[in-house]
Amino acid sequence: QFCVIATRSRKGVTTLTWIDGKDKVLARRELPACKDSGVTLAGQDRHVAIGYSNGPSPVVDTTDEPGTLVPVFVGEGDANTTPVVAWWESTLQLAFQRDGAMGFARFTF
């Protein structure tokens, strides 16, 4: 089991840190997020979804082991917007902005 924490340095670098239940750091990895957008996180069992913007595109990656990221959603929304991520059982649900309106996507794991 692990938890993922997103932090941003004063220089705008976003870092993901995976920790275990005893506060031991399992892995760290920089996230290619733009420095002026948010990061959203949602966990379900061993899956964690990470929503962010890389500048031109909203992005959602998943991780189910420390240090790894698997892209599941890239570029289907407005630039510099951060998707909202949530789990319902084994389904990852996304809400994102596209052409100024709300868009939705689902991915089953």
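Before moving on, here are some points about what is shown:
- If you take all other residues with their beta carbon under 14 Å from the beta carbon of Gly55, and give Lys and Arg +1 and Asp and Glu -1, the sum is -1.
- Whether the chain is rounded, prolate or oblate, judged on the alpha carbon gyration tensor where a/c under 1.5 counts as rounded: oblate
- Gyration tensor (alpha-carbon) shape descriptor, segment 38-96, a/c threshold 1.5: prolate
- In the elastic network of the chain, a GNM with C-alpha springs shorter than 10 Å, the most mobile of Ser57, Ser37, Ser90 is Ser90.
- The solvent-accessible area of Leu26, taken with every protein chain present and a 1.4 Å probe, is close to 70 Å².
- Shown is the FRET efficiency for Asn54 and Ser90, computed with R0 = 35 Å from the Cβ-Cβ distance and rounded to the nearest 0.05: 0.85.
- Residue of Gly55, Gly43, Gly21 that the Gaussian network model of the chain assigns the largest fluctuation, springs spanning Cα pairs under 10 Å: Gly21
- A crude spin-label estimate for the pair Asp78 and Arg8, with each label 7 Å from Cα along the Cβ direction, gives 1.8 nm.
- Other residues with beta-carbon under 13 Å from the beta-carbon of Val85 carry, at +1 per Lys or Arg and -1 per Asp or Glu, a net charge of 0.
- Local electrostatic count, Asp64, Cβ distance below 13 Å [Lys/Arg +1, Asp/Glu -1]: -2
- Which of Glu65, Glu89 is most accessible, then next, and so on - probe 1.4 Å: Glu89, Glu65
- For Lys24, solvent-accessible area (1.4 Å; no DNA, RNA or ligand), Å²: 120 Å²
- Carbon/sulfur fraction of accessible area - segment 19-109, other protein chains in place, 1.4 Å, %: 48 percent
- Gain upon complete extension [Arg29, Arg46; 0.36 nm per residue less C-alpha separation]: 4.3 nm
- Between segment 76-94 and segment 21-75, the Cα center-to-center distance that results, in Å: 12 Å
- Solvent-accessible surface of the chain, taken per residue with a 1.4 Å probe and all protein chains present: 59 Å².
- By accessible area with a 1.4 Å probe, ligands and nucleic acids excluded, highest first: order of Val59, Val72, Val84: Val84, Val72, Val59
The values are calculated or read from the model by the stated rules, or taken from the named source; none is laboratory data. These numbers come from a predicted model, not from an experiment. FYI the Cβ positions are ideal-geometry reconstructions off the backbone, even for glycines, and counts take in every protein chain you see. The area values use the complete protein model at the heavy-atom level, side chains included, leaving out ligands, DNA and RNA. Shrake-Rupley method; radii C 1.70, N 1.55, O 1.52, S 1.80 Å.
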